[in-house]
1. If eta is 0.890 mPa s and T is 25 °C, what Stokes-Einstein diffusion coefficient results for the chain, Kirkwood Rh from Cα pairs, in µm²/s?
2. Taking the Cα-to-Cβ direction at residue 80 and at residue 33 and moving 7 Å from each Cα, how far apart do the two end points lie in nm?
3. By how many degrees, 0 to 90 and rounded to 10, does the Cα axis of helix 7-26 deviate from the longest principal axis of the chain?
4. Nearest 10 degrees is fine. How inclined is helix 31-49 to the longest principal axis of the chain, computing both from alpha carbons?
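Any read-out appearing in this document is the output of simple, stated calculations on the displayed coordinates, not a laboratory observation. What you see is a predicted model, and the numbers here were worked out from it, not measured in a lab. We place every Cβ from the backbone using ideal geometry, glycine too, and count neighbours over all the protein chains shown.
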């Protein structure tokens, strides 16, 4: 699970990761890089569904994406920003 105050931010960040992954495909970025992004994106819903608090792990995954591909810094910003209201 993600802390209640960050749950909407997490969903917004996950959505943004997927949008950026699709953009990488349209831009014909190397398939290995896209697969690496999707490997991380695939893990994020598991963190959302976990019964234990995985807020820090979720943030770390977004940080890893941003460190490897700077465009993903915006997903980290969505997560770390002010708490979003439902629906984001």
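1. On the way: Rh = 13.0 Å.
Diffusion coefficient, whole number: 189 µm²/s.
2. About 2.3 nm, to one decimal.
3. Taking Cα atoms only, the helix is inclined about 10 degrees.
4. Taking the Cα atoms of the chain, the angle to 31-49 is about 10 degrees.
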